[in-house]
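Since the structure comes first, as structure tokens, the remarks are kept for the end.
The values are calculated or read from the model by the stated rules, or taken from the named source; none is laboratory data. Keep in mind that what you see is a predicted model, and the values were worked out from it rather than measured. Cβ sites come from the backbone with ideal geometry, for glycine too, and all protein chains shown count toward neighbours. Surface accessibility is based on the protein's heavy atoms, side chains included, excluding ligands, DNA and RNA. Shrake-Rupley method; radii C 1.70, N 1.55, O 1.52, S 1.80 Å.
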Amino acid sequence: MERSTAILVVGAGIAGLSAALAFARAGFAVDLVERSSRLEAVGAGLQLSPNVLRVLAGLGLDLGRLNAVAARTVTLRSSSSGRVIATVPVVSSDGTAYLSLHRADLQRALLDAVAAEPRIALTLGSRCTGVTRDGTDLAVAFQNADGSLNSRRAGVVIAADGVGSALAASLGFPSAVASGDVAWRMTVDRPCSPQAGIEAWLGPKRHAVAYPIQSGQTTNLVLIGPRGDAADDLPGSATKAALLQRFRRWDRRLLGLIDAAGPAMAWPLSTIEPDRSARHLPGLMFIGDAAHAMLPYAAQGAAMAIEDGWTAAWAVGGATSPRDAAERYHAVRDNRLRRVRKRVAFHRRVYHLPAPLALARDTVLGFRSGESLARDLGWLYDWTPP
Ligand SMILES: Cc1cc2nc3c(=O)[nH]c(=O)nc-3n(C[C@H](O)[C@H](O)[C@H](O)COP(=O)(O)OP(=O)(O)OC[C@H]3O[C@@H](n4cnc5c(N)ncnc54)[C@H](O)[C@@H]3O)c2cc1C
């Protein structure tokens with residue numbers, strides 16, 4: 001499409017920031033509009049696999065400045081003893097790294113790149129309320145922090161407004177569905193061994209993940225399990241004593257990490273079925289959590305959001321019309337997203353097996369070599385951006 005096509009990106013989370021950069025790098029002028037008056041990272045840790053690091057490098061991000069730690073392996077441990085069940089290499093076959101980092105460090109790097117990009121105009125404090133067709137363009141309505149209203153026209157609108165997407169709601173798409181699982185997130189603020197890589201404890205019905213962030217000065221810790229009725233399962237702060245009680249039969253080292261951690265936050269997990277194509281509005285494309293919020297069991301939500309943004313810019317850049325752009329986009333993304341979601345569902349089943357089956361799982365995993373387990377994810381990590 002013509003480089004004079006106006007591009008509007010709604011939402012400046014990881015998806016929106018990287019999409020805006022991808023469009024700008026492809027030669028488009030981008031309007032990036034965010035409802036918050038200040039951009040703050042929610043949550044702490046993030047794993048970035050080789051597939052997404054290739055996109056970030058393509059966007060010109062200096063990965064060396066992310067205070068990230070390079071992981072060589074994911075170590076799967078027994079929940080009760082901490083015994084190593086399997087060690088899975090995660091570095092891609094072309095040598096691309098696998099990083100763990102604080103999400104604020106990624107957001108800051110993306111934001112700095114956006115600020116330095118003259119083709120992007122970022123507006124904060126303006127909340128999108130809906131979208132309609134306006135001739136060949138789209139008209140997107142906003143409410144500003146002071147209550148005033150305004151509308152922006154664009155040929156292409158990228159909906160990157162997260163799991164509670166207002167754009168999706170305005171079109172009548174079903175809202176996110178509670179998965180029934182909850183993540184308790186916390187950090188341990190003391191130096192850790194960067195060599196530890198990513199560690200995951202697989203238990204009956206629950207799992208836990210720990211990895212270094214902030215150049216190894218902090219450990220990110222996430223416990224995940226079924227949501228109950230307790231106050232500690234509601235969104236917001238959770239008491240560590242209750243978590244220690246719930247995980248009391250688990251590996252003593254994991255309990256030590258929980259004990260040493262700062263405040264814990266409960267984060268009920270919701271998902272979105274990825275069927276958000278508005279055929280009567282061909283210039284509108286949903287990306288990231290707004291399109292397909294997924295459970296974090298393959299650590300791919302942000303990765304898919306960033307891949308989406310890159311692919312949307314590629315699809316629009318080489319298309320003859322908005323409809324053609326949407327077709328190019330879905331031709332590249334749909335199968336991949338389906339496969340990732342299938343893998344996430346598989347991890348959920350395997351990680352959360354009940355007691356007798358969990359023991360059988362540990363035995364079976366123990367018989368497989370790390371290399372053969374890594375091959376299961378080759379298709380995911382070896383992806384290269386179009
Ligand atoms: C416990 C946990 C661990 C995770 N770990 C990983 C991991 O290791 N690796 C990984 O790749 N992913 C991981 N994820 C997933 C990842 O965090 C998300 O998929 C990703 O952050 C989604 O980014 P987004 O930009 O699509 O959405 P969001 O981060 O929700 O951003 C949406 C943006 O839109 C703005 N917005 C919302 N509504 C409006 C509106 N009406 N108008 C204007 N702006 C609006 C919001 O303020 C926000 O800035 C994890 C998730 C969880 C819960």
Near pairs, Cβ below 7 angstrom, 6+ apart or cross-chain, from the stretch 332-361 (closer than 17 Å to T384 by Cα and among the aliphatic types (A, V, I, L, M)) to any residue that is assigned to a helix (DSSP H, G or I) and modelled with pLDDT under 95:
none
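Each row is one residue, and each column tells you yes or no for (1) surrounded by 22 or more Cβ atoms within 10 Å (Cβ to Cβ); (2) within 23 Å of the chain's Cα centre (by Cα).
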position: F142; (1), (2): no, no
position: A154; (1), (2): yes, no
position: A178; (1), (2): no, yes
position: R190; (1), (2): no, no
Consider only pairs whose beta carbons are under 6 Å apart and that are at least six residues apart or on different chains; among these, list those whose first residue lies in the stretch 8-24 and is more than 17 Å from W314 (Cβ to Cβ) and modelled with pLDDT of 95 or more and whose second residue is open to solvent by 10 Å² or more (accessible area, probe 1.4 Å) and more than 10 Å from the ligand (Cβ to nearest atom).
L8/D31; L8/R152
If a residue counts only when it is surrounded by fewer than 16 Cβ atoms within 10 Å (Cβ to Cβ), which strands (runs of 3 or more DSSP E) contained entirely in the stretch 80-133 have at least 1 such residues?
84-89, 120-123
Every residue from the stretch 218-235 that is open to solvent by 20 Å² or more (accessible area, probe 1.4 Å) and more than 25 Å from R83 (Cα to Cα)
R227, G228, D229, A230, A231, D232, L234, P235
Of the conditions (1) away from the ligand (no atom under 13 Å from the Cβ); (2) open to solvent by 10 Å² or more (accessible area, probe 1.4 Å); (3) at positive phi; (4) within 26 Å of the chain's Cα centre (by Cα), G197 clears all except one; give me its number.
(2)
Quick check on the stretch 375-382. Is at least one of its residues touching a residue at least 60 places away in the same chain (Cβ under 8 Å), under 22 Å from P296 (Cα atoms) and open to solvent by 30 Å² or more (accessible area, probe 1.4 Å)?
yes
What are the pairs with Cβ atoms under 6 angstrom where one residue, in the stretch 233-262, is free of Cβ contacts under 8 Å to residues at least 60 places away in the same chain and the other, located anywhere, is of a type outside the set (A, V, I, L, M)? Sequence gap at least six, or different chains.
D233/R227; P235/P268; S237/P263; A238/W184; A238/D232; T239/D232; A242/D232; L243/W184
What is the residue count in the stretch 279-302 for residues that are more than 12 Å from the ligand (Cβ to nearest atom), touching a helix residue (DSSP H, G or I) at 6+ places or on another chain (Cβ under 9 Å) and farther than 13 Å from Y329 by Cα?
2
Which residues, taken from the stretch 290-312, are in contact with a strand residue (DSSP E or B) (Cβ under 9 Å, 6 or more places away or on another chain) and within 28 Å of D134 (Cα to Cα)?
A290, A291, H292, D308, G309, A312
Matching option when the condition is within 11 Å of the ligand (Cβ to nearest atom) and either of a type in the set (G, A, S) or under 15 Å from R108 (Cα atoms) (or both), among A6, A22, A29, A44:
A44
Residue within the stretch 336-354 that is farther than 30 Å from V84 by Cα, open to solvent by less than 60 Å² (accessible area, probe 1.4 Å) and either in a helix (DSSP H, G or I) or away from the ligand (no atom under 16 Å from the Cβ) (or both) present
yes
Condition set without any contact (Cβ under 8 Å) to a residue 60 or more places away in the chain and out of contact with any Gly (no Cβ under 9 Å at 6 or more places or on another chain), scope the stretch 163-173, selection surrounded by the most Cβ atoms within 10 Å (Cβ to Cβ): answer is G164
Of residues in the stretch 303-324 being within 21 Å of Y381 (Cβ to Cβ) and either open to solvent by 20 Å² or more (accessible area, probe 1.4 Å) or charged (D, E, K, R) (or both), the one nearest to the ligand (Cβ to nearest atom)
D308
Filtered residue count, the stretch 18-65, keeping only those that are within 25 Å of T129 (Cβ to Cβ) and crowded, with 18+ Cβ neighbours inside 10 Å
11
Could you list, in sequence order, the residues of the stretch 325-335 that are more than 16 Å from the ligand (Cβ to nearest atom) and either of a type in the set (A, V, I, L, M, F, W, C) or touching a helix residue (DSSP H, G or I) at 6+ places or on another chain (Cβ under 6 Å) (or both)?
A325, A326, R328, A331, V332
Of the residues L269, L244, L255, L234, which single one is within 25 Å of the chain's Cα centre (by Cα) and more than 30 Å from V131 (Cα to Cα)?
L234
Which listed residue is touching a Gly at 6+ places or on another chain (Cβ under 8 Å) and more than 9 Å from the ligand (Cβ to nearest atom), from A145, A160
A145
Please verify whether the stretch 82-90 includes one or more residues that are away from the ligand (no atom under 16 Å from the Cβ), within 23 Å of T218 (Cα to Cα) and in contact with a Gly (Cβ under 8 Å, 6 or more places away or on another chain).
yes
